[in-house]
Amino acid sequence: MSDKHSIVEIWVYLSGSPLFALFITLAAYQVGLMIYQHAKQNPLANPVAIAIILVATMIQFIEMPYSTYFEGAQFIHFLLGSATVSLAIPIYRGLASLKGRSIPLIVSLVTGGLVSIVSGVGIANLLGADSSITGAMYPKSVTAPIAMGIAERIGVSPTLTAIFAVSTGILGAILAPFVLNALGMKAWWQRGFAIGIGAHGIGTSRAFSIHPEAGTYASLAMGMNGVISAVAIPVIYHLFNQ
């Protein structure tokens, strides 16, 4: 009886510990990654999506408040910015391959960025969403650390923006291969750049797992989109929300 009581006390202590939240996050992603590899990198078995489902299920099951969970998960959140910056390395290594492709890449970047804003905000408006949701839609296709910074500048919820950004990245990473195949796009640099614009960090991770050239161009697209969006989106937002 005392042993059971001790186990319950240990479980209560662990379930309320921020370090246990960190363990849940890392373990869930590892499980997602194993499933992704076992499925032969099928886009439907996206490791981030699997990890989110597992983490949400777990913290709901043990009744862990989100504030407690984030105390542990914030360590990973802190590293998110560093991981984004580290993508400059493959971009630097792939600079030589950019010759002769600058104009189509810039046109694609501007077009993709505008389409992501118009489609997201337009659909939200058509569905009758309020300003807090439509505002968070503006930077949804920008990598999460930059998107949250943009959200603060334009006065909308960074948390809601992060949710939309991560959701966009997951859906983009899952659907992009099917869409690009349907369009007949076969060149790795073209596929990678398109994924980087539409699905930022999560899509870039998917691109790297498929082909190094696709990953390099996805990194380039994500970085360029982040820089341009940080300047352009606040201007666009205030222009249409005066």
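The values are calculated or read from the model by the stated rules, or taken from the named source; none is laboratory data. Since we're looking at a predicted model, the values are computed, not measured. Here the Cβ positions follow ideal geometry from the backbone for every residue, glycine too, while neighbour counts run over all protein chains shown. Surface areas here come from the heavy atoms of the whole protein model, side chains and all, with no ligands, DNA or RNA. Shrake-Rupley method; radii C 1.70, N 1.55, O 1.52, S 1.80 Å.
Annotations
- Estimated 222 nm signal from helices in the chain, with DSSP H stretches of n ≥ 4 weighted -39500 (n - 2.57), rounded to 500: -27500 deg cm²/dmol
- Full-stretch length increase - Phe75, Gln37 - with 0.36 nm per residue and alpha-carbon distance subtracted: 11.1 nm
- Taking all protein chains as shown and a probe of 1.4 angstrom, Ser119 keeps an accessible surface of around 50 Å².
- Apolar share of the accessible surface for the chain: 71 percent from carbon plus sulfur atoms, 1.4 Å probe.
- Mean separation of Cα pairs under 8 Å and 6 or more residues apart, divided by the residue count, gives the chain a relative contact order of 17 percent.
- For region 115-123, backbone phi angles converted through the Karplus equation (6.51, -1.76, 1.60; θ = phi - 60°) give residue-by-residue couplings of 5, 5, 6, 4, 5, x, 5, x, 5 Hz, Gly and Pro being listed as x.
- Based on the convex hull around the alpha carbon atoms, the chain presents an average projected area of 15.4 nm².
- Computed from the Cβ-Cβ distance with R0 of 41 Å, the FRET efficiency linking Thr57 to Ala96 stands at 0.35.
- Within the chain: Cβ-based charge dipole about Cα centre, in debye rounded to nearest 20 (Lys, Arg +1; Asp, Glu -1): 960
- For region 88-147, a/c is not less than 1.5, where a ≥ b ≥ c are the root eigenvalues of the C-alpha gyration tensor, and a/b does not top b/c. That puts it in the oblate class.
- Heavy-atom accessible area ranking, 1.4 Å probe, most first, across Val227, Val156, Val48: Val227, Val48, Val156
- For Phe70, the solvent-accessible surface computed with a 1.4 Å probe is close to 70 Å², ligands and nucleic acids excluded.
- Think of the chain as having a plus end and a minus end, set by charges on the Cβ of Lys, Arg, Asp and Glu; of Ile89, Gly32, Val48, Ile89 sits farthest toward the positive end of this dipole.
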